[in-house]
1. List pairs: first in region 20-39 and in contact (Cβ under 8 Å) with a residue 40 or more places away in the chain, second of a type in the set (Lys, Arg) and open to solvent by 10 Å² or more (accessible area, probe 1.4 Å), Cβ under 7 Å, 6+ apart or cross-chain?
2. Do the conditions hold for Leu105, that is, is it in a loop (DSSP other than H, G, I, E, B), open to solvent by less than 50 Å² (accessible area, probe 1.4 Å), touching a Gly at 6+ places or on another chain (Cβ under 9 Å) and not charged (D, E, K, R)?
3. Which one of Leu58, Leu78, Leu32 is more than 30 Å from Gln293 (Cα to Cα) and in contact with a strand residue (DSSP E or B) (Cβ under 6 Å, 6 or more places away or on another chain)?
4. Does region 297-314 hold any residues that are modelled with pLDDT of 95 or more and either assigned to a loop (DSSP other than H, G, I, E, B) or among the small types (Gly, Ala, Ser) (or both), and which are they?
5. Which of the following residues is closer than 18 Å to Arg307 by Cα, in contact with a helix residue (DSSP H, G or I) (Cβ under 7 Å, 6 or more places away or on another chain) and of a type in the set (A, V, I, L, M): Leu32, Leu78, Leu57?
6. In region 29-78, what residues are of a type in the set (Gly, Ala, Ser) and over 22 Å from Ala148 (Cα atoms)?
7. Could you list, in sequence order, all residues of region 262-288 that are open to solvent by 10 Å² or more (accessible area, probe 1.4 Å) and either closer than 21 Å to Gly11 by Cα or among the small types (Gly, Ala, Ser) (or both)?
8. Any chance region 238-260 includes a residue that's part of a helix (DSSP H, G or I) and modelled with pLDDT of 95 or more?
Amino acid sequence: MIGALMLDIEGTSLTVEDQRLLTEPQVGGIILFGRNIHSPQQVRALTDSIRNIRPELLIAVDQEGGRVQRLRAGFSRLPSMRAFGHLYEKEPEQALILAEQCGWLMASEVLAVGIDFSFAPVLDLDGISQVIGDRGFHSSTTQVIALASAFMQGMHRAGMATTGKHFPGHGSVEADSHIAAPVDHRTLADIERNDMQPFIQLKDQLDALMPAHVIYDQVDPNPAGFSPFWLQTIIRQKLGFDGVLFSDDLSMQAACVAGGADARIKAALAAGCDMGLVCNDRAAALNALNALQDMPLPNQQRLEKMRGKIPAITIAETLDLGQQWQAIKTLIEPLLT
């Protein structure tokens, strides 16, 4: 059974405390960070060791490309998503081809080392946000939709579920929700007409959504990830989306409006999230876990759809996934400059 809490681990192998935590029923997932990564071979050994303890756990990573890429040593460098937007302005057909291939490349490497999925793609507009910036494909909704669709086709071709973030859009508010509590003053109609369009148009390709830690104060007083209006009235009812809802990291500064980690995860789940993330703060993770002890497990059928098609292969210190993989790496490399 898959629990409602996703947390992180300390290093490149499991500690005794990590092993104990993995046996807790309400732990449903592990997210890996740069400190957990030494080489492809080591990552596969780590993910195998996690599954030896809890085979049903979901293992995730942030492997967007550009500046948000946790798997680095021994893995392919991936361009920022903005690079595809720039190419689209000159060569749209080529940009779509390369976006699809990059989605496949990213997903193939992540799956090869035993990780179920990357929290990708970013569907936020490349607007004024300090934290989004070149993580977004473009400032135009039309181009974001086209490029993100292609990228997700590549992810699905490799066998990976997709997660669109950060609903209903983080790109049009300046403050960074990691260190501040952003407030977006636009009306619901404005948000629907602009930032929400990628989520609306691509909902049939999305397996999961991650709501933003942003307060849209003309719509609801709570950050989207703690808002029944956003998660249930809009996502579930109006959009008819039945995929997984992951909270953004509940350790981020913008999540503090809900109280301590125990209150935050309860608020996120009560609002409609299926799984809450508590990262880089073990004390907070333990606090959140304790708060979940008497709560029911989340929707298992929904979460099972996030399981990746992990190949039964032996991984070396440096990845080599065959001729198609090498050819696509070569095609993508010019976008890195």
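1. From region 20-39, the pairs are Leu32/Arg70; Phe33/Arg70.
2. On the way: in a loop (DSSP other than H, G, I, E, B): no; open to solvent by less than 50 Å² (accessible area, probe 1.4 Å): yes; touching a Gly at 6+ places or on another chain (Cβ under 9 Å): yes; not charged (D, E, K, R): yes.
When the stated conditions are applied, Leu105 does not pass them.
3. Values: Leu58 fails: more than 30 Å from Gln293 (Cα to Cα); Leu32 fails: more than 30 Å from Gln293 (Cα to Cα).
Residue meeting the stated conditions: Leu78.
4. Going through region 297-314, the residues modelled with pLDDT of 95 or more turn out to be 297-311.
Answer for region 297-314, where residues must be modelled with pLDDT of 95 or more and either assigned to a loop (DSSP other than H, G, I, E, B) or among the small types (Gly, Ala, Ser) (or both): Leu297, Pro298, Asn299, Lys305, Met306, Arg307, Gly308, Lys309, Ile310, Pro311.
5. Working: Leu32 fails: in contact with a helix residue (DSSP H, G or I) (Cβ under 7 Å, 6 or more places away or on another chain); Leu78 fails: closer than 18 Å to Arg307 by Cα.
Sole residue among the options that is closer than 18 Å to Arg307 by Cα, in contact with a helix residue (DSSP H, G or I) (Cβ under 7 Å, 6 or more places away or on another chain) and of a type in the set (A, V, I, L, M): Leu57.
6. Restricting attention to region 29-78, the residues satisfying the condition of being of a type in the set (Gly, Ala, Ser) are 29, 34, 39, 45, 49, 60, 65-66, 73-74, 76.
Result: Gly29, Gly34, Ser39, Ala45, Ser49, Ala73, Gly74.
7. The answer is Ala263, Ala267, Ala270, Gly272, Asn280, Asp281, Arg282, Ala283, Ala284, Leu286, Asn287.
8. Just the residues of region 238-260 that are part of a helix (DSSP H, G or I), to begin with: 238, 253-258.
Pick out the ones that are also modelled with pLDDT of 95 or more and you get 238.
The answer is yes, given that some residue of region 238-260 is part of a helix (DSSP H, G or I) and modelled with pLDDT of 95 or more.
The values are calculated or read from the model by the stated rules, or taken from the named source; none is laboratory data. Just so you know, these numbers come straight off a predicted model, no measurement behind them. Every residue, glycine as well, gets a Cβ built from its backbone with ideal geometry; the counts of neighbours run over all protein chains shown. Surface areas here come from the heavy atoms of the whole protein model, side chains and all, with no ligands, DNA or RNA. Shrake-Rupley method; radii C 1.70, N 1.55, O 1.52, S 1.80 Å.
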